[in-house]
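Below: the structure, in C-alpha cells.
No lab work stands behind these numbers, since they all come straight from the coordinates. Bear in mind that the values here come from a model prediction, so they are computed numbers and not experimental data. Positions of Cβ are backbone-derived with ideal geometry, glycine not excepted, and every protein chain shown enters the neighbour counts.
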Amino acid sequence: QSGVITLDPGYKNTGSCESAITFLDGEKGVLRYRGYSIEELAEKADFLEVVFLLIFGELPNKEQLDKFKADIIEQSEVNDDMKTVINGFPSSAHPMGMLSSLTSALIAFNPKSVNVDSEEDMYKAIVKLLAKFPTLAAWTLRRRNDLPLENRDKDLGFIESLLKMMFAKPGEDYVADKTVVDALDKLLILHADHEQNCSTSTVRIVGSSHAGLFASISAGVSALWGPLHGGANQAVIEMLEEIKNDGGDTSKFIAKAKDKEDPFRLMGFGHRVYKNFDPRAKIIKKAADEVLAALGVDDPILEIAKGLEKAALEDEYFVERKLYPNVDFYSGIIYRAMGIPTEMFTVMFAVGRLPGWIAQWREMRLGKEPIGRPRQVYIGETLRSFKELDNR
Ligand code: SDX
C-alpha cells in the first residue's frame, strides 16, 4: 500500500510507534478510523459513537452507547474550586492557554486519575476527562465574555449541552439550532484523530513517562495551539480577513507565500502527509456551503477562500509542492457562521481531537511501550579542553 513506511527495528523507543487506530494514505487522500472511512463516519455516525470506536476499537451497540453516554453525563460536574482557577486568569487570556492549564489543574481534583494501570481505572479516568473537558472548553469562552460558569445540562445531548455552556446567557432559555448541532457533530468527527501528528505524538511521549492521562492531554493541547498545527484554523480566518480588508486580491498573498524572503505561508495549505487533497477539507468545504445557506449567512470570506484555493491550485509553486487545502482551511468559516469567535476555533479542534489523543494514550499504555526517547545526529563540537576566564 502506498503511504506505508518501514521503521528501523530500534524505532520502538524513539517516539515512533505501531498503531491500530487511524490509517492515512497521503498519496490517495485516504483517512480511516479503525478501518472505517472518514466519509462514512462523517455521514452516518454521531460524535460519541466515533469517540467509543476510536478508544475501544469497535462501533458500540445500543446498550454500550447508552451506558457510555450515561457514564459521561454522571461525571460531568466540574469541581467548584476549578472556577477559582479559571477566574484567576484575565478575561483576555487566550482560550488555549486556559484550556491547557485547566486540564492540568483537573489532576488536583481527581488524584486517583493520575497514574492508572488497570483497564478499569483507565476507563474511569477516560470518562472523567471526556465528561469535563467540554465544560472547561466552554468555560474559556464564558471567562472571556465574563459570563457565569455553568455545568453541563444533563438533560441535553453532548453537542447541545456544549453549545448551551458556550453561549447561554443568564436567565435565557437557550436552544441550539439543529443545523449548528449537526454541523458541529460532523466537524468534531472530522477532527477526532489523525495518527502521529504533532499534538498526538506529544500526548504519547508525555504519557510514555507515566505522567498520567490528564497531564498528557494538557501537553497535547499546548502542542495543538501552534499556528503550524491546530492554531492554523484561527490563522486562516485572520489571513482571509486581511485579504478582504486589502481589497480581496488573492494574487498578492499567493506571491507573498512563494517569496522565500517572506516568512508568510498560506495558512490552511499544505500537509506533511497528504500530498493530495485532505479528505476532511473536501467534506468541510461542502459543509460550509450547506451550513451558511441553512443559517442564511452570507460571509464574503467564503468566496475569498474559494478564490484563494483556485488561484493556488493553478499556481505551479503550489502544484509542484503538492500543497492543497487542509482540514483548517474551511473549518473556521463554519465556526464563524455558528457564532463561535475566532480565538475559540482551536479549542473546538481540541474538543474534537480529545478522543484521538485518549485512544492513542490508552494504546500506548496498554501496549506497555517504553519511555519515548527520540534519537539525534550530533553535529556539535568534538572534545575540547576548558579555557580559564582570562584566556577566553
Ligand atoms: C494540521 O500532522 C497532521 O496530521 C496535522 C493535522 C491533524 O489533523 O493533526 O492535519 C492538522 O496541523 C494541518 C496543518 C495546519 N497548518 C497550516 O495550514 C500551516 C501552513 N502549512 C505549512 O506550514 C506546512 O504546510 C505544514 C506545517 C502543514 C507542513 O509542513 P511540512 O510538511 O514540514 O512542509 P515543509 O515545511 O517541508 O514545506 C515543503 C515546501 C517548502 O518549500 P521549499 O523549501 O521546498 O521551497 O512547501 C512550502 C515550504 O516553504 N510550503 C508552503 C506551505 N506549506 C509548505 N509554502 C507556502 N504556504 C504553505 N502553506
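Points to keep in mind about this one:
- With θ taken as phi - 60° and the Karplus curve 6.51 cos²θ - 1.76 cosθ + 1.60 applied, the whole-hertz 3J(HN,Hα) list for region 378-386 is 6, 10, x, 5, 7, 4, 9, 8, 5 Hz, x standing for glycine and proline.
- Between Val51, Val297, Val327, the Gaussian network model of the chain with springs among Cα atoms under 10 angstrom shows the greatest mean-square fluctuation at Val297.
- Cα-centre dipole for the chain with unit charges at Cβ (Lys and Arg positive, Asp and Glu negative), debye to 20: 980
- nm² value of the averaged projected area, convex hull over the Cα atoms of region 24-99: 8.0
- Computed FRET value (nearest 0.05) for Val319 with Asp246, which takes r as the C-beta separation and R₀ as 35 Å: 0.90
- The modelled label-to-label distance between Phe109 and Arg375, using points 7 Å beyond Cα along the C-beta direction, is 4.5 nm.
- Helix-only [θ]222 nm of the chain, DSSP H runs n ≥ 4, -39500 (n - 2.57) each, per residue, nearest 500: -17500 deg cm²/dmol
- Taking the charge dipole of region 298-392 about its Cα centre, with +1 at Lys and Arg Cβ atoms and -1 at Asp and Glu Cβ atoms, the residue from Gly352, Met364, Gly339 reaching farthest to the positive side is Met364.
- Evaluated at q = 0.10, 0.12 Å⁻¹, a Debye calculation over the C-alpha positions of the chain (equal weights, vacuum) places log10 I(q)/I(0) at -0.68, -0.96.
- In the chain, Cα pairs under 8 Å separated by at least six residues give a relative contact order of 24 percent.
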